[in-house]
C-alpha cells in the first residue's frame, strides 16, 4: 500500500485488518469496501479459498498488478487496477448487485461514520458537510449474509462512533454483525452489543469509557495484540 | 448523412454530435470513469453543450470522463449513486448549482435496465428505513413491503465498447462493462464509441453482450484522453 512511506511498526489500521481476516472462512464470497477493509486481503492465508466480489462487475479479483502491467479498464470499485484469479468472471452492474441481493455474498466489510448498538450503520452522508452518496453500500449492508464494520473507535473530534442511536442518516438498519475498531472487537446480538475483545493495551474500562453505546459482557473479554 | 445500408451504423463523430443539445437528458455508461466514452464526452465539451441532466453511476474524477462535464459546469442535475470522487460535484451541490438525486447503485442499474427493457418500474426493499425511501410509493407483495422504483431512459445514451461491428453488436472490456450494456438499452438514441469497429459478422454471436438492435450510431474512439487517478 505504502504511498512511499517507510514501513513502520504495524499501524492500527493494519491491526484491525489482521483481526478482521480471522473472521474469513474457507469458501467465502467477500466484498471489501474502500479504506481499512481493502487491507484485509493482505492478511488472508493463501490456503484459504475466497473469492472477492467487486460491485463494478467482477467476481474473482486478485492482487494489484505490477507497475506497467495495469489494464486501466480492469479496476476494483475503488478505481485501482487489479488482477484476476482463476475462475474470475465479468458482468454488468445489475448482475453485480443481483449477487448481493440474492444472498450470494457471504460477507461485506465496510467502513462507517457511526454504528449503533443494534447494528444500524451510517456511512454515506454527513448532511451539509460531506455528501458522497451511498454508492453500493445500502445493498451491501442490507443484503450481505455477514456485515463487518472496520472503523476507528472515535471520530476526529474524539467522539464515540459506536453509539446508542445513529444521528446521521442510515445506510441500513440492524445490519452490522461484528465491529472491529482500534480499541475493541464488538458483536451485535439480538439483546445488545457485546464487547468480545479489547485491542492491547486498552482495558475493558478504557473501551467502556470511550464508547457511547452500552457494551455488554459475556464471560471473559479477550485481548488482541 | 447516414450510410445507405440501414444496418451500417458507423458515422463520423460530427454527425453523432448533432444530437447533443442544451438541456438534454444524457445517460452515460461507466464507473469511476472506467467505461466512460472519452471522445463523445470531449465532443460535448467542444460543442459547448450545457444544462445537462446527467444519469450516470457517478461523477468520476474532476479531469476524468463524465467528471469533466461537471468540472466544466455543463451539468445542472445528476442522478447517480456516488459523487464522492469528484470534489467539484460536491462543491457545486453545496453551492446550490448542481441538483443531485442519489440512488443506491444496484437500484440505479435496475432503473436504467427497466427503462431499457420497457418495464414500468421495479420493486425492491433496498433503502427501506432510510432517507432513500422518501417520496417513493410502497407496494406490498406476498406480505412483504417494497419500494416502487421508477424506470429511467434518456434522450441520448452514450456508451464505450471495446469492439463493435457495423450493426452495433457490442463487446466490452473487462470491468469497463459495468453500466454500459444497461445504458445502451435505455437511450431513445444510443450512440456507441468503440475502440475497434469490425465488419458485421466478425463478432462471435455467442460473445456479443449488447445486441445491435439497441444501437443507433457507432463512432470510432480516439481513446482515453486523461490520466487515471492511479497513474502517478
Quiz item: What about residue A:131, is it modelled with pLDDT of 95 or more and either touching a strand residue (DSSP E or B) at 6+ places or on another chain (Cβ under 9 Å) or within 8 Å of another protein chain (Cβ to nearest Cβ) (or both)?
Solution: no
Exercise. Among the numbered conditions (1) under 21 Å from residue B:182 (Cα atoms); (2) touching a residue at least 24 places away in the same chain (Cβ under 8 Å); (3) surrounded by fewer than 22 Cβ atoms within 10 Å (Cβ to Cβ), tell me where residue B:88 comes up short.
Key: (1)
Self-check item: Candidates B:153, B:190, B:130 - the one that is without any contact (Cβ under 8 Å) to a residue 12 or more places away in the chain and in contact with a helix residue (DSSP H, G or I) (Cβ under 8 Å, 6 or more places away or on another chain)
Solution: B:130
Quiz item: Of these, A:158, A:219, A:135, which one is in contact with a helix residue (DSSP H, G or I) (Cβ under 7 Å, 6 or more places away or on another chain) and on the phi > 0 side of the Ramachandran plot?
Solution: A:135
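Table: residues versus (1) surrounded by 18 or more Cβ atoms within 10 Å (Cβ to Cβ); (2) touching a strand residue (DSSP E or B) at 6+ places or on another chain (Cβ under 6 Å); (3) more than 14 Å from chain A (Cβ to nearest Cβ); (4) modelled with pLDDT of 95 or more.
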position	(1), (2), (3), (4)
B:38	yes, no, no, yes
B:42	no, no, yes, yes
B:49	yes, no, yes, yes
B:57	yes, yes, no, yes
B:60	yes, no, no, yes
B:69	yes, yes, yes, yes
B:72	no, no, yes, yes
B:76	no, no, yes, yes
B:81	yes, no, no, yes
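Results for (1) away from chain B (no Cβ under 13 Å); (2) more than 18 Å from the chain's Cα centre (by Cα); (3) surrounded by 22 or more Cβ atoms within 10 Å (Cβ to Cβ), shown as yes or no for each residue.
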{"position": "A:21", "(1), (2), (3)": "yes, no, no"}
{"position": "A:34", "(1), (2), (3)": "no, no, no"}
{"position": "A:57", "(1), (2), (3)": "no, yes, yes"}
{"position": "A:86", "(1), (2), (3)": "yes, yes, no"}
Quiz item: Within region B:145-162, which residues are more than 13 Å from chain A (Cβ to nearest Cβ) and more than 14 Å from residue B:185 (Cβ to Cβ)?
Solution: B:145, B:148, B:150, B:155
Quiz item: So is residue B:139 more than 8 Å from chain A (Cβ to nearest Cβ), within 16 Å of the chain's Cα centre (by Cα) and surrounded by fewer than 18 Cβ atoms within 10 Å (Cβ to Cβ) or not?
Solution: no
Practice problem: Quick one: which residue in B:100, B:183 is under 18 Å from the mean Cα position of the chain (by Cα), within 11 Å of chain A (Cβ to nearest Cβ) and without any contact (Cβ under 8 Å) to a residue 24 or more places away in the chain? | Solution: B:100
Self-check item: Lone unmet requirement of (1) more than 21 Å from residue B:179 (Cα to Cα); (2) more than 14 Å from chain A (Cβ to nearest Cβ) for residue B:192
Solution: (1)
Quiz prompt | Filtered residue count, region B:208-232, keeping only those that are over 20 Å from residue B:28 (Cβ atoms) and within 12 Å of chain A (Cβ to nearest Cβ) | solution = 3
Exercise. Please enumerate the residues belonging to region A:147-188 that are under 18 Å from residue A:107 (Cβ atoms), without any contact (Cβ under 8 Å) to a residue 60 or more places away in the chain and assigned to a strand (DSSP E or B).
Key: A:147, A:149, A:172, A:186, A:187
Quiz item: How many residues are in contact with a helix residue (DSSP H, G or I) (Cβ under 6 Å, 6 or more places away or on another chain) and in contact (Cβ under 8 Å) with a residue 40 or more places away in the chain when one looks only at region B:69-85?
Solution: 0
Practice problem: Restricting attention to region B:1-36, report how many residues are within 14 Å of another protein chain (Cβ to nearest Cβ) and not in a loop (DSSP other than H, G, I, E, B). | Solution: 4
Quiz prompt | Filter result for residue B:145 (modelled with pLDDT of 95 or more and crowded, with 21+ Cβ neighbours inside 10 Å) | solution = no
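One line per residue, one yes/no per condition, for (1) closer than 27 Å to residue B:126 by Cα; (2) within 14 Å of chain B (Cβ to nearest Cβ):
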{"position": "A:151", "(1), (2)": "yes, no"}
{"position": "A:156", "(1), (2)": "no, no"}
{"position": "A:162", "(1), (2)": "yes, no"}
{"position": "A:169", "(1), (2)": "yes, yes"}
{"position": "A:172", "(1), (2)": "yes, yes"}
{"position": "A:177", "(1), (2)": "yes, no"}
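Among the residues of region B:186-214, which ones are surrounded by fewer than 23 Cβ atoms within 10 Å (Cβ to Cβ) and closer than 21 Å to residue A:55 by Cβ?
From region B:186-214, those surrounded by fewer than 23 Cβ atoms within 10 Å (Cβ to Cβ) are B:188-189, B:195-209, B:211-214; that's our starting set.
Answer for region B:186-214, where residues must be surrounded by fewer than 23 Cβ atoms within 10 Å (Cβ to Cβ) and closer than 21 Å to residue A:55 by Cβ: just B:209.
Looking at region A:129-140, can you tell me whether even one residue there is more than 30 Å from residue B:162 (Cα to Cα) and assigned to a helix (DSSP H, G or I)?
Initial filter on region A:129-140 (more than 30 Å from residue B:162 (Cα to Cα)): A:129-131, A:138.
With the extra rule that they be assigned to a helix (DSSP H, G or I), the set shrinks to A:138.
Yes, region A:129-140 contains a residue that is more than 30 Å from residue B:162 (Cα to Cα) and assigned to a helix (DSSP H, G or I).
The values are calculated or read from the model by the stated rules, or taken from the named source; none is laboratory data. Everything numeric in this text was worked out from a predicted model, so none of it was measured. Please note: Cβ atoms are built from the backbone with ideal geometry, for glycine as well, and neighbour counts cover all protein chains shown.
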